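Here is the structure we will look at, set down as structure tokens.
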Amino acid sequence: MQATHRTLDPATRVAVVAAGWHRDIVDAALGALRAELAGAGLDASKVEVVDVPGAFEIPLMARRLAQSGRHAAVIGVALVVNGGIYRHEFVAAAVIDGLMRVMLDTGVPVLSAVLTPRDFHDHDEHRRFFTEHFVVKGAEVARACIQTLAAHQALDRPGA
């Protein structure tokens with residue numbers, strides 16, 4: 001995805017719901033996400049990060065944030081891994097379905113950097129790879145957020 005070069009209204013507020021599992025990797029996405037939003041003119045104080053224990057808790061918090069009326073968009077960030085008991089695909093599907101439902105029910109854009117790698121092993125090489133990957137995904141979800149908000153703002157303008 002190319003850089004957007006769009007700017008956001010400085011009053012725009014974005015909420016990010018971040019899972020605690022694999023927080024070091026999630027934090028890599030948060031850093032890139034914040035940098036991309038700052039590049040679009042959004043002050044760091046306008047990005048509210050809410051921590052939840054894991055990915056499964058993201059949709060409910062996203063719903064509460066969307067319903068609050070304080071945020072133009074909500075972004076979920078998590079790494080859902082195969083812990084050997086084959087539940088990661090169900091968790092990831094439930095989270096993504098939940099986020100879509102929040103978006104459709106509230107009319108607030110909800111975006112996702114909730115990722116489920118096919119293979120993740122908790123060792124230095126994979127941690128390094130997925131940390132770097134989450135930097136890319138954090139920037140991508142921020143650009144998608146910027147583009148989505150710009151499209152919604154264009155529809156809200158008179159004569160659109």
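Structure notes:
- The listed residue being closer than 14 Å to Val141 by Cβ and either outside any strand (DSSP E or B) or free of Cβ contacts under 8 Å to residues at least 60 places away in the same chain (or both), out of Ala15, Ala28: Ala28
- Residue list for the range 11-50, restricted to those being farther than 14 Å from Val114 by Cα, exposed (fewer than 15 other Cβ atoms within 10 Å of the Cβ) and not aliphatic (A, V, I, L, M): Asp24, Gly31, Gly41, Asp43, Ser45
- All conditions but one from (1) more than 21 Å from Asp97 (Cα to Cα); (2) surrounded by 15 or more Cβ atoms within 10 Å (Cβ to Cβ) apply to Ala55; the one that does not is (1).
- For the range 78-94, the criterion of being part of a loop (DSSP other than H, G, I, E, B), of a type in the set (A, V, I, L, M), touching a helix residue (DSSP H, G or I) at 6+ places or on another chain (Cβ under 9 Å) and at pLDDT below 95 is met by at least one residue.
- Residue check, Asp9 more than 17 Å from Asp97 (Cα to Cα), at pLDDT below 95 and assigned to a helix (DSSP H, G or I): no
Residues are listed down the side, and each one gets a yes or a no for (1) under 21 Å from Ala151 (Cα atoms); (2) within 13 Å of the chain's Cα centre (by Cα); (3) at pLDDT below 95:
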| site | (1), (2), (3) |
| --- | --- |
| Ala38 | yes, no, no |
| Val50 | no, yes, no |
| Pro53 | no, no, no |
| Gln67 | yes, no, no |
| Arg70 | yes, no, no |
| Gly76 | yes, yes, no |
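- Leading residue by the ranking (modelled with the lowest pLDDT) among those in the range 116-160 that are among the basic types (Lys, Arg) and under 25 Å from Leu42 (Cβ atoms): Arg157
The values are calculated or read from the model by the stated rules, or taken from the named source; none is laboratory data. Here the structure is a predicted model, which means the values were calculated and not measured. FYI the Cβ positions are ideal-geometry reconstructions off the backbone, even for glycines, and counts take in every protein chain you see.
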